[in-house]
Amino acid sequence: MITIPTLNQLYTSILSDLEAELIITIPLFGKNFLRAQAGVMAGVLWVYYKAIGLLQKNIFADTADSEANGGTLERFGRVKLGRNPFPATAGQYTVQLVGTLGQIIPASSTFKSNDTATSPGFLFILDNAFVLDGVDIITLRALTAGLDSRLSIGDKLTITGPVALVDSEVTVLTESVTPTAAETIEDYRAKVLDAYRLEPQGGAGSDYRIWSSEAIGVKQTYPYAGTAATSEVNLFVEATIADSSDGKGTPTGTILTAVTTAIEDPTADRPSRKPLTVIVNYLPVTIKEIDINITAAVGFTAAIQTAIFNAIEAELAVTRPFVSSIDILSAKNDIFDVNKIVSLVLTANPGSSFGVVTLEVDAVPLSTYTFTNGDIPYLNSITYV
């Protein structure tokens, strides 16, 4: 790997080469045009080095930039995953209308969510014309894809183009299609790297992880052998934070269904992937709440406390169950304990003074905890006593 020099390093190197070649000392003042020449040459060389660095960075999937930034990551993904990052999808909602029988709501009518709605000010469209026939329930589709426009049951919307003999306000009854956030570049990168690292084996643990990556909203999966029967697989599914039902990684029913479809349903291009005789249990991960107490903390300002919280949260984000059929032993990181907390505190605030550190997992005091079988940590609180 080429180390990219700074502009000043190039300038200094060129000056040294000129002085060595001409056997002179280039003065700081006076007739020192060679310094100007060295500055120009350094600028040109620096541009070349930056181009080399960009090329060097984008020949590997683990460091490549997104195509939006001039990189090649999606190109790797199209080769191994056969797709680009998942875009955001729009939610759809059934709403209750009140109006006179026989009145027609035209196709492409738009409704705007009220100021009191969960997501105020967003537009929703009626795709097909609707005739009030006594049922008076229609489906609206969000014009803004993703979670920003998500509504809750009971939210109200107002039609932008009033219809005679029909109330302008409607009420959300159900969320018929759950919206999803766009797949982040780093989540996409992780799936690309898994696809390169893991070899298809016709039903091994790695296959379930690769197959599941085709489902929108999935961050990671953890397959384990079941205990109730032979040829049984317990597949624990972790959702992205944005698409999870609780903001902690628990998948929605829609995500679990999408994983089931990716593994079991045939498509026009391939048959079902699930091996014959295998029973697959599609399970949500179990969120383990992490609470930490730090006693006798001296001089822990709000900024220091924030730095400590961020450091521990970042560590827990990569603390995940170890799957022996997939994961590399050297990368095993499934244990969280008091010693690790102390180390993270000292790293975030070197030389800090504090007393006893205690750890609770789901309100149970422990000195150490191993995350397995779909257990996922979530930092709930850090308390300074």
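Within the stretch 205-214, does at least one residue satisfy the condition of being outside the structural domain of residue 240 (by TED's automatic domain parsing) and either in a helix (DSSP H, G or I) or within 22 Å of the chain's Cα centre (by Cα) (or both)? No, the stretch 205-214 contains no residue that is outside the structural domain of residue 240 (by TED's automatic domain parsing) and either in a helix (DSSP H, G or I) or within 22 Å of the chain's Cα centre (by Cα) (or both).
The sole residue among 206, 176, 152 that is polar (S, T, N, Q), touching an Asp or Glu at 6+ places or on another chain (Cβ under 9 Å) and within 28 Å of residue 94 (Cβ to Cβ) is 152. Selection of the stretch 126-146 for residues being surrounded by fewer than 17 Cβ atoms within 10 Å (Cβ to Cβ) and either free of Cβ contacts under 8 Å to residues at least 24 places away in the same chain or more than 16 Å from residue 94 (Cβ to Cβ) (or both) yields 127, 128, 129, 131, 135, 143. For residue 237, the conditions (1) surrounded by fewer than 16 Cβ atoms within 10 Å (Cβ to Cβ); (2) closer than 29 Å to residue 145 by Cα; (3) touching a Gly at 6+ places or on another chain (Cβ under 9 Å) are fulfilled apart from (1). Being in the same structural domain as residue 202 (by TED's automatic domain parsing) and either part of a loop (DSSP other than H, G, I, E, B) or at pLDDT 95 or above (or both) is not true of residue 308.
Within the stretch 347-355, is even one residue within 25 Å of residue 225 (Cβ to Cβ), at pLDDT below 95 and crowded, with 18+ Cβ neighbours inside 10 Å?
Here is the first cut: in the stretch 347-355, the residues within 25 Å of residue 225 (Cβ to Cβ) are none.
The answer is no, given that none of the residues of the stretch 347-355 is within 25 Å of residue 225 (Cβ to Cβ), at pLDDT below 95 and crowded, with 18+ Cβ neighbours inside 10 Å.
Note on the stretch 314-362: residues that are in a helix (DSSP H, G or I) and either in contact with a Gly (Cβ under 6 Å, 6 or more places away or on another chain) or not hydrophobic (A, V, I, L, M, F, W, C) (or both) total 6. When the stretch 29-73 is limited to residues that are closer than 30 Å to residue 183 by Cα, free of Cβ contacts under 8 Å to residues at least 60 places away in the same chain and charged (D, E, K, R), the one that is surrounded by the fewest Cβ atoms within 10 Å (Cβ to Cβ) turns out to be 50.
Quick check on the stretch 160-170: of everything there that is not acidic (Asp, Glu) and not in a loop (DSSP other than H, G, I, E, B), which residue is nearest to the chain's Cα centre (by Cα)? Walk me through it before giving the result.
Start the filter on the stretch 160-170 by keeping residues that are not acidic (Asp, Glu), which leaves 160-166, 168, 170.
Keeping just the survivors that are not in a loop (DSSP other than H, G, I, E, B) gives 166, 170.
Details: 166: 43, 170: 34 Å.
Selected residue: 170.
Given the structure, is residue 202 in the same structural domain as residue 279 (by TED's automatic domain parsing) and modelled with pLDDT under 95? Answer is yes for this residue.
Scan the stretch 91-105 for residues that are farther than 18 Å from residue 156 by Cα and either modelled with pLDDT of 95 or more or polar (S, T, N, Q) (or both) and the total you get is 2. Close Cβ contacts (under 6 Å, 6 or more residues apart or on different chains) running from residues in the stretch 201-218 that are farther than 27 Å from residue 147 by Cα and touching a residue at least 12 places away in the same chain (Cβ under 8 Å) to residues that are of a type in the set (S, T, N, Q) and surrounded by 21 or more Cβ atoms within 10 Å (Cβ to Cβ) are absent.
Give 132, 151 a once-over and let me know the one that is assigned by TED's automatic domain parsing to the domain that holds residue 96 and within 29 Å of the chain's Cα centre (by Cα).
Just one listed residue meets the conditions, 151.
Among the candidates 147, 151, 157, 173, which residue alone is assigned to a loop (DSSP other than H, G, I, E, B) and touching a strand residue (DSSP E or B) at 6+ places or on another chain (Cβ under 7 Å)?
Numbers: 147 fails: touching a strand residue (DSSP E or B) at 6+ places or on another chain (Cβ under 7 Å); 157 fails: assigned to a loop (DSSP other than H, G, I, E, B); 173 fails: assigned to a loop (DSSP other than H, G, I, E, B).
None of the others qualify; the one that does is 151.
For the stretch 243-289, the candidate set comprises residues that are touching a residue at least 12 places away in the same chain (Cβ under 8 Å) and on the phi > 0 side of the Ramachandran plot; within that set, the residue that is surrounded by the fewest Cβ atoms within 10 Å (Cβ to Cβ) is 277.
Screening residue 325 against (1) touching a residue at least 40 places away in the same chain (Cβ under 8 Å); (2) over 30 Å from residue 225 (Cβ atoms); (3) over 21 Å from the mean Cα position of the chain (by Cα) leaves a single unmet condition, (2). Is it the case that some residue within the stretch 260-273 is among the β-branched types (Val, Ile, Thr), in contact with a helix residue (DSSP H, G or I) (Cβ under 7 Å, 6 or more places away or on another chain) and not assigned by TED's automatic domain parsing to the domain that holds residue 338? Yes, the conditions are met somewhere in the stretch 260-273.
Hey, any hits in the stretch 113-124 for a residue that's surrounded by fewer than 19 Cβ atoms within 10 Å (Cβ to Cβ), modelled with pLDDT of 95 or more, in a loop (DSSP other than H, G, I, E, B) and in contact with a Pro (Cβ under 8 Å, 6 or more places away or on another chain)? Full working, then the answer.
Just the residues of the stretch 113-124 that are surrounded by fewer than 19 Cβ atoms within 10 Å (Cβ to Cβ), to begin with: 114-116, 118-121, 123.
From the residues that got through so far, the ones that are modelled with pLDDT of 95 or more too are 114-116, 118-121, 123.
Still in the list and also in a loop (DSSP other than H, G, I, E, B): 114-116, 118-121.
In the following step, the residues that additionally are in contact with a Pro (Cβ under 8 Å, 6 or more places away or on another chain) were identified as 114.
The answer is yes, given that some residue of the stretch 113-124 is surrounded by fewer than 19 Cβ atoms within 10 Å (Cβ to Cβ), modelled with pLDDT of 95 or more, in a loop (DSSP other than H, G, I, E, B) and in contact with a Pro (Cβ under 8 Å, 6 or more places away or on another chain).
No other residue among 327, 375, 334 is closer than 27 Å to residue 253 by Cα and out of contact with any strand residue (DSSP E or B) (no Cβ under 8 Å at 6 or more places or on another chain) apart from 327.
The values are calculated or read from the model by the stated rules, or taken from the named source; none is laboratory data. This structure is a prediction, so every number in the text was calculated from the model and none was measured. Please note: Cβ atoms are built from the backbone with ideal geometry, for glycine as well, and neighbour counts cover all protein chains shown.
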